[in-house]
1. With the cut-off at 1.5 for a/c, could you classify chain A from its C-alpha gyration tensor as rounded, prolate or oblate?
2. Return, in residue-number order, each cysteine of the protein assembly as shown whose C-beta is not under 4.7 Å from any other cysteine's C-beta.
3. Using the Cβ atoms and a cut-off under 12 Å, what net charge is assigned to the surroundings of B:Lys9, where Lys and Arg are +1 and Asp and Glu are -1?
4. Looking only at other chains, what is the average number of their beta-carbon atoms within 10 angstrom of each beta-carbon in A:12-25?
5. Give me the net charge for the shell around A:Ala111: Cβ to Cβ below 10 angstrom, other residues only, Lys and Arg +1, Asp and Glu -1.
6. Between A:Leu46, A:Leu32, A:Leu74, find the one with the highest GNM mean-square fluctuation for chain A; connect C-alpha pairs within less than 10 Å.
7. What figure in square angstrom, to the nearest 10, would you give for the accessible area of A:Ser51 with a 1.4 Å probe?
8. Looking only at B:Asn75, B:Asn97, B:Asn57, which one moves most when chain B is put into a Gaussian network model with springs between Cα atoms under 10 Å?
Amino acid sequence: SQQGEEDPQALSIQEGENATMNCSYKTSINNLQWYRQNSGRGLVHLILIRSNEREKHSGRLRVTLDTSKKSSSLLITASRAADTASYFCATDSPMAYKLSFGAGTTVTVRA
Amino acid sequence: DTEVTQTPKHLVMGMTNKKSLKCEQHMGHRAMYWYKQKAKKPPELMFVYSYEKLSINESVPSRFSPECPNSSLLNLHLHALQPEDSALYLCASQDDNEQFFGPGTRLTVL
């Protein structure tokens, strides 16, 4: 079942610009993850942020988590054409091993 | 070996056919998953195997039958599928909290 809502649904930016997408969820979590999916391919894990963390960085990625608002954001800085993909947030659940994925944001980076 | 492999990459089958999807990982992960993904939608969980035992079945129709022969292999047996079952089928394995996905099998049911 889907817990997360993501916005925007789609985002088109120029190469070099920053891209920001948001994820909201409904129930308490232990951690939240972001995944990237290139067209028709498998998902690739980008970053995990735990419920006791507020911000995390990995290369050009910056993730924030606000547990009081039940929301997270993913910022991609200095975007490249290769960043064109769909991005999904995923939250853990009380049921072990199960992730709930958000609806996803499709990002297009124009050269 | 840090990848999940899936075969075949593409599969076209009729509604009366029986086919199988295969997934393999050699990372020692003890949880393995099948997801179904329709275009422009997030992956939908179908099954979870934990230590080679089925631990989650998300009320998937019986025309989909999973099998975990050993800790490295996961199969999905398909029989009497419907055209609406056409989708990308993703396999994943889990290490701690992170899931590693295979490239998927693009299934078309005619």
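The values are calculated or read from the model by the stated rules, or taken from the named source; none is laboratory data. Quantities reported herein were computed from a predicted structural model and do not represent experimental measurements. We place every Cβ from the backbone using ideal geometry, glycine too, and count neighbours over all the protein chains shown. Only protein heavy atoms, including side chains, enter the accessible area calculation; ligands, DNA and RNA are left aside. Shrake-Rupley method; radii C 1.70, N 1.55, O 1.52, S 1.80 Å.
1. Values: a/c = 1.97, a/b = 1.57, b/c = 1.25.
Prolate, because a/c is 1.5 or more and a/b exceeds b/c.
2. B:Cys68
3. Details: positive: A:Arg41, B:Lys22, B:Arg106; negative: none.
That works out to +3.
4. That works out to 0 on average.
5. Details: positive: A:Arg80, A:Arg110; negative: A:Glu15.
Net charge around A:Ala111: +1.
6. Looking only at A:Leu46, A:Leu32, A:Leu74, the largest GNM fluctuation is found for A:Leu46.
7. 40 Å²
8. Maximum fluctuation in the GNM of chain B, among the listed residues, is at B:Asn97.
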